[in-house]
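A quick write-up on the structure given underneath.
The values are calculated or read from the model by the stated rules, or taken from the named source; none is laboratory data. Note that this is a predicted model, so its numbers are computed, not measured. Reconstructed Cβ throughout: ideal geometry from the backbone, glycine too, with neighbour counts over all protein chains shown. To get the accessible areas, we keep the full protein, side chains included, count just its heavy atoms, and leave off ligands, DNA and RNA. Shrake-Rupley method; radii C 1.70, N 1.55, O 1.52, S 1.80 Å.
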Amino acid sequence: MKKKNRRLAVVMVASIVALIVILSVIVAVTGYQQFTHVLERQYNDTAYEVAETALTYLNPDKLEGYLQSGQTDEEYDAILARLDELVVSSNCNFIYVAKIDETDYMTTTYIYDSVNPATGFDRYEFGYVSRDTDPKYVDDLKHILTTGGRAEKYLYSYTESGAHTTAGLAVQDSSGRVVAVIGVEKSMTVLYGARSTYVRWVATIAVTMVVLTLLVYLLWLNRKVIRPIAEITGEARRFANDGENPVTSLKATQNRYEIGVLASSILKMEAEIKRYIDNLTAVTAEKERIGAELDIATHIQSSMLPCIFPAFPDRPEVDIYASMTPAKEVGGDFYDFFMVDDTHLAIVMADVSGKGVPAALFMVIGKTLIKDHTTPGRDLGEVFMEVNKLLCEGNGEELFITAFEGVLDLKTGQFNFVNAGHEMPFIRRKGKYTPEKIRAGFVLAGMETTRYRMGSLQMEPGDAIFQYTDGVTEATNADNELYGMERLEAVLNQNADAAPDALLTAVKADIDAFVGDAPQFDDITMLCLEFKEMMR
Amino acid sequence: MTITKNQNGSQLDMALEGRLDTATAPQLEAELKQSMDGVTELTLDFAGLEYLSSAGLRVLLSAQKVMNQQGSMVIKNVNETIMEIFDVTGFADILTIE
């Protein structure tokens with residue numbers, strides 16, 4: 001991360017350098033042009049002043065006469081002498097007066113021509129004709145001759161002999177007619193030197209500015225940007241790695257720019273994350289604790305159901321086997337069997353509506369109440385009415401129990417039963433299981449006023465009873481088909497001769513095969529009681 | 001499970017479709033709790049109901065108890081499978097089934 005910050009600094013510095021250089025170049029070029037323009041103008045104005053002065057020396061009325069006659073006079077010589085003085089005193093190169101041929105403006109006949117000796121040139125003598133006027137001067141000459149004004153453009157030229165500027169004016173006779181032009185060429189030697197001095201200055205100032213600005217900028221950048229960001233990224237990396245000990249302060253929070261906000265946000269975020277992690281840890285621990293307690297609850301619940309088989313090894317009259325497979329950790333189904341007295345065996349099969357802990361707690365109450373109230377010789381209808389009343393009290397969750405209880409008299413084979421909304425049992429008679437259509441009362445804990453009536457049937461040695469909960473018949477496969485009574489009856493009869501434990505194992509295997517991988521939502525509970533012989 | 005509600009003043013019609021089991025019973029319970037205030041005639045249409053578990057029976061029992069206090073509850077279009085469940089559990093005796 002530090003490396004990236006440095007790169008960021010490089011980009012920032014480079015862009016600033018580029019910006020200053022571009023600005024300097026623009027300033028320098030603009031200044032250079034302006035400087036040149038002003039100086040040229042200055043020189044040109046001076047040239048015009050010299051030209052105006054020279055114009056006063058002339059006697060324009062005589063000029064055409066000189067040319068026509070080819071003769072000069074004493075006045076001419078005097079004027080030439082004064083012009084010679086002027087060209088030197090004004091530091092000009094040339095002052096000339098010439099007649100321009102107005103047919104093509106290319107032919108020039110010189111009348112006066114004063115040359116500054118410093119230039120090293122010789123003067124054109126009176127009457128010298130030049131036919132090679134530079135074409136770029138033609139328009140200006142035409143303008144001067146036709147309007148009597150100044151040249152429209154500045155005449156400048158930059159030759160190997162140096163820069164110079166030319167002033168051009170019309171020479172008018174006393175009637176106002178233009179008879180000649182006067183030209184003054186002034187050297188602009190100072191321009192070069194001054195200009196290069198100017199450029200050097202601008203360059204020096206620009207470089208100094210760049211260096212100074214950069215120094216200040218880098219110091220500022222380092223203090224206000226690079227170091228705070230390095231601090232923030234360092235802290236963020238540290239926290240991301242160990243996720244511990246969130247810092248409470250960062251120097252960068254004092255930063256007045258967005259970095260300050262960033263630093264504050266990092267601090268806040270670290271604290272939040274820490275709090276969140278702590279909270280999550282606590283919640284997870286709590287969840288594990290609840291999970292452990294649920295395990296214990298499951299264990300307690302399953303140990304409440306009789307699970308030691310053979311259950312009555314000293315009773316050759318009966319064989320009994322039962323099993324419960326809960327769908328959730330703690331289920332709502334339960335079974336029970338116990339000796340009411342020496343000659344009576346009770347079996348209970350029940351299903352609490354709903355699942356989980358509430359159902360399991362209700363199941364414990366139901367199981368205890370049924371067992372407590374099943375006393376020797378008591379009518380089973382009365383037992384359920386009593387249990388129902390007790391369950392209805394304080395049943396805020398509005399749970400209910402479907403329950404079946406039967407009591408077998410081992411001496412006579414009479415089987416008394418009561419049914420509170422539970423599935424009808426299968427009875428095996430003469431080696432064949434059939435569902436026993438028995439009257440059902442309303443569920444337990446549903447209505448306080450429900451009445452239950454005991455039923456009775458006769459069992460012979462060799463008969464058996466199979467009771468279950470709806471988790472069996474309503475086991476569902478992936479196609480949403482229910483296992484159903486027909487499949488149950490079929491598998492029971494395929495294993496009609498099997499002992500109770502073998503029978504239950506076979507039924508469970510058949511259900512598992514039917515269900516496949518489809519998830520189950522209900523407990524699967526089964527019980528089988530085989531009446532083997534009469535008690536003697 | 002899909003529940004289609006149609007409330008008309010103190011009259012509430014609910015049509016159930018799908019399975020009313022442990023997973024979906026809380027949904028029906030919440031819907032009933034939300035809309036039963038002031039209802040005097042509650043009609044449950046079971047035409048589209050395929051399956052009913054004990055958790056569903058519990059919700060029906062609760063609803064029946066509430067409606068016993070404030071009006072009447074009718075269940076209609078009950079199919080054979082579900083009628084069998086009502087018969088076996090004794091619910092047929094306490095519910096009004098048309």
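Give the aspartates and glutamates reachable from A:Lys371 as a straight Cα distance under 16 Å; neighbours fewer than 8 places away on the same chain don't count.
A:Asp333, A:Asp336, A:Asp341, A:Asp342, A:Asp351, A:Asp379, A:Glu382, A:Glu386, A:Glu405
Can you compute the modelled spin-label distance between A:Thr189 and A:Val27, with each label point 7 Å from Cα toward Cβ, in nm?
Distance between the two pseudo-spin positions: 3.3 nm.
Tell me, what % of the accessible area of region A:2-194 is carbon and sulfur with a 1.4 angstrom probe?
Using a 1.4 Å probe with all protein chains present, region A:2-194 comes out at 55 percent carbon and sulfur.
Of the trypsin sites (Lys or Arg not before Pro) in region A:233-309, which ones lie in a loop per DSSP and count no more than 11 other C-beta atoms within 10 Å?
On the way: sites: A:Arg237, A:Arg238, A:Lys251, A:Arg256, A:Lys268, A:Lys274, A:Arg275, A:Lys287, A:Arg289; in loops: A:Arg256.
Taking region A:233-309 and a limit of 11 other Cβ atoms within 10 Å, the loop trypsin sites (Lys or Arg not before Pro) found are A:Arg256.
In chain A, if the dipole is taken from +1 on Lys/Arg beta carbons and -1 on Asp/Glu beta carbons about the Cα centre, which of A:Gly127, A:Tyr321, A:Leu218 is farthest to the positive end?
A:Leu218
Which whole-number percentage describes the relative contact order of chain A, with Cα contacts under 8 Å and a sequence gap of 6 or more?
11
In debye to the nearest 20, how big a dipole does the protein assembly as shown give about its Cα centre with +1 on each Lys and Arg Cβ and -1 on each Asp and Glu Cβ?
Around 2160 debye, computed over the protein assembly as shown.
May I ask for the distance between the Cα centers of region B:36-98 and region A:377-399, given as a whole number of Å?
Value for the Cα centre distance between the two parts: 22 Å.
How long is the gain from A:Lys136 to A:Thr204 if the chain were fully straight, where each residue apart is worth 0.36 nm and the alpha carbon distance is subtracted?
Values: separation 68, 0.36 × 68 = 24.48 nm, distance 3.87 nm.
That works out to 20.6 nm of additional length.
Keeping every protein chain present and rolling a 1.4 Å probe, give me the accessible area per residue for chain B in Å².
Normalised by residue count, the accessible surface of chain B is 45 Å².
Would you mind counting up the charge near B:Val74? Only other residues with Cβ under 12 Å from its Cβ, with Lys and Arg at +1 and Asp and Glu at -1.
-3
For region A:2-194, what is the charge dipole size about the Cα centre, in debye to the nearest 20, if Lys and Arg each add +1 at the Cβ and Asp and Glu each add -1 at the Cβ?
Details: 17 positive and 26 negative charges, 502 e Å.
The calculated dipole for region A:2-194 is roughly 2420 debye.
Give me the one-decimal nm value for the distance between modelled label points at A:Glu85 and A:Ala292, 7 Å along each residue's Cα-to-Cβ direction.
12.7
Under the 0.36 nm per residue contour assumption, what length would be gained going from the current alpha-carbon distance of A:Asn241 and A:Ser175 to full extension?
13.4 nm
Show me you know the interface measure: the accessible area buried between A and B, both chains summed, probe 1.4 Å, in Å² to the nearest 100.
Roughly 1900 Å² of accessible surface disappears when A and B pair.
Could you pull out every one of the lysines with an alpha carbon less than 25 Å from that of A:Lys62, ignoring same-chain neighbours closer than 8 positions?
In chain and number order, the partners are A:Lys99, A:Lys142.
For region B:2-94, with only Lys/Arg (+1) and Asp/Glu (-1) charged at the beta-carbon, what is the dipole magnitude about the Cα centre, in debye rounded to 20?
260
Please name which of A:Ala311, A:Leu294, A:Met269 has its Cα lying farthest along the dipole of region A:261-315 towards the positive end, using unit charges on Cβ (Lys, Arg +1; Asp, Glu -1) and the Cα centre as origin.
Positive-end residue among those listed: A:Met269.
Which one, A:Thr108, A:Thr368, A:Ala18, projects farthest toward the positive side of the charge dipole computed for the protein assembly as shown from Cβ point charges (K/R +1, D/E -1)?
The residue sitting farthest along the positive end of the dipole is A:Thr108.
Pop a pseudo-label 7 angstrom from the Cα along the beta-carbon direction at both A:Glu75 and A:Glu52 and give the gap in nm to one decimal.
Here the answer is 2.5 nm between the modelled labels.
What residues of region B:1-45 lose no less than 30 Å² of accessible area with every protein chain in place versus their chain by itself (probe 1.4 Å, heavy atoms only)?
Buried on complex formation: B:Arg19, B:Thr22.
Do you know which residues of region A:387-406 lose at least 20 square angstrom of accessible area in the protein assembly compared with their chain on its own, with a 1.4 angstrom probe?
Those residues are A:Glu397, A:Glu398, A:Phe400.
A:Lys224: which lysines have alpha carbons under 22 Å from its alpha carbon, excluding same-chain residues fewer than 8 sequence positions away?
The reachable lysines, counting only those whose Cα sits under 22 Å from A:Lys224, are A:Lys2, A:Lys3, A:Lys4, A:Lys251, A:Lys268.
So, with a 1.4 angstrom probe, what is the percent of accessible area on region B:2-94 that is carbon and sulfur?
Carbon-and-sulfur percentage of accessible area, whole number: 43.
Over 30 Å between Cα atoms, which of A:Lys367/B:Lys5; A:Lys367/A:Lys430; A:Lys287/A:Lys355; A:Lys411/A:Lys432; A:Lys355/A:Lys508; A:Lys367/A:Lys532 qualify?
A:Lys367/B:Lys5; A:Lys367/A:Lys430
So which residues in region B:47-66 end up with at least 40 square angstrom less accessible surface once the other protein chains are there, compared with the chain by itself, probe 1.4 angstrom?
B:Tyr51, B:Ser54, B:Arg58, B:Leu61, B:Lys65
Please list the helices of chain A that count as membrane-span-like by this rule: a mean Kyte-Doolittle hydropathy of at least 0.5 together with Cα atoms stretching 30 Å or more along the helix axis, each helix being a complete DSSP H run.
The answer, listed by residue number, is A:189-221.
Return one whole number: the accessible area per residue of region A:306-531 in Å², for a 1.4 Å probe.
I get 40 Å² per residue for region A:306-531.
Top to bottom by accessible area (1.4 Å), largest first, where do A:Asp139, A:Asp122, A:Asp523 land?
Values: A:Asp139 105, A:Asp122 135, A:Asp523 0 Å².
Output order, biggest surface exposure first: A:Asp122, A:Asp139, A:Asp523.
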